[in-house]
Each structure stands twice: as C-alpha cells, then as structure tokens.
1. Does the stretch 82-121 hold any residues that are in contact with a Pro (Cβ under 9 Å, 6 or more places away or on another chain) and either at pLDDT below 95 or of a type in the set (Phe, Trp, Tyr) (or both), and which are they?
2. What are the residues in the stretch 81-100 that are within 12 Å of ALA117 (Cβ to Cβ) and within 12 Å of the chain's Cα centre (by Cα), if any?
3. I'd like to verify a number: residues in the stretch 1-19 that are outside any helix (DSSP H, G or I) and in contact (Cβ under 8 Å) with a residue 24 or more places away in the chain, how many?
4. Here is a list of conditions, (1) in contact (Cβ under 8 Å) with a residue 24 or more places away in the chain; (2) part of a helix (DSSP H, G or I), and ASP55 meets all of them except one; can you say which number that is?
5. GLU77: closer than 30 Å to LEU148 by Cβ, in a loop (DSSP other than H, G, I, E, B) and acidic (Asp, Glu), yes or no?
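The values are calculated or read from the model by the stated rules, or taken from the named source; none is laboratory data. These numbers were taken from a predicted model, which means no experiment stands behind them. Here Cβ is always computed from backbone atoms with ideal geometry, including for glycine, and neighbour counts include all displayed protein chains.
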Amino acid sequence: MEQAVRDRLTQLLKEKKRDPENAEEWFDFGNELFNEDEIEEAEAAFRIALELQPDHGATWRDLGVTLFIQNRNEEAEEAFRKATEKTPEDPDTWYNLGCLLNGTERNEEAEVMFRKASELNPEDPDVWCNLGVTMIALDRIDEAEVALKKAVEIKPTHLVGWLNLVALLQSEGREEEAERAHETALEFLPGFNDFIMNLSEFVDETKSKE
C-alpha cells in the first residue's frame, strides 16, 4: 500500500472524528468506501484494519470481496480462507468462497463451500441457487433441481432461481414441468417474460459481435 494512500485515508478518518488506531473504525470505513464504489480505497482500509486486528474474520471476508471484484482471484481466495479460519460460523464467508471457486470452474470445491453455507444459513436463497448452478455444471441434475426449487421456495421472487430452473427442465425435455414453472414465476415476477426477451436479445447481440 502506498504511504500516500494510507495518509489520505487516515486524514479522512480523522476529519470524521474517528479514531485511526481503532480497527473497527477502519472496518466500517472500508465498507463505506466499498458502498461508494471506491474499491481500491476500501481494500486499503481493510488492510489497515487487519494490521490492527489480524484475527477479525469479517475484515478478511470483506477484503476478499474487494479483491474478487478486482479479478485478483488468488489473493481473494487466500483472504476468504483466512476468514473461514477466523469465523467458521459465518455463512457469507463460505458462500463468497463458493462463488469464487464456481467462477473459476472449480465446481467440486465450490459445492463443498455452498453446502457448508447452506448448513449455517439454510434460509438463504442465493446459496441454494448457486449450489443448483454448480450441480448443473457437475451434471448432477437431480441435485440441481432440488437446490433450485429450494431457492424459489424460500424466495418466490428469485429471478435467477426461476431462470435456471426453467432452463434446466427445458434442457431435460420436461416441457410441461418447464411451462408450469414458467407460469408460477410469472405469478411472482410479472416482468419475467420481458427479462427473458431482453436477455435473449443481449445474448444474440453478443454473439453477432464475436
């Protein structure tokens, strides 16, 4: 980290009448910067927080997110794994690590992380949806269907869950079930068809540019 960045952020923190020797202040400041899309500054704030409190799992987790967004996957994975060591009871850490592993096509490992997250927070629809997507990638269709149905059961307005469930049923030639799922999705998401049309147009445009 450049000293100039550290000095500037320290000055900003002081101007907010907050203690630059307090790790929690840096952690909170990091999240404020992240929410303002100041990703590199957020990373710096989290790193300072960890200098002051290296065992704070949530800071390792949020540092991992900032690194993941910057496509620094190896560093992000290291941060997420540190977080699982420090706060193994935090489902978001396992979920984030699962997303990273899934995004880098390490799906067997991603499954382990999503299942751990689902054990810790079984009511999180995003965990079930991503587990379902991972199961599709592993060609374990029955398990994928169970996970995706769980996602939309927990949150009937879960757009990505419905999209993947309908697509899965269609890919398996189960047209009647796919149509029923489609109709149910429309009950909760009136704009579902519009989204599918826009998505299809976007995919077509992308292909035409290749």
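1. TRP94
2. PRO91, ASP92, THR93, TRP94, TYR95, ASN96, LEU97, GLY98, CYS99
3. Number satisfying all stated conditions: 1.
4. Of the numbered conditions (1) in contact (Cβ under 8 Å) with a residue 24 or more places away in the chain; (2) part of a helix (DSSP H, G or I), the odd one out for ASP55 is (2).
5. No.
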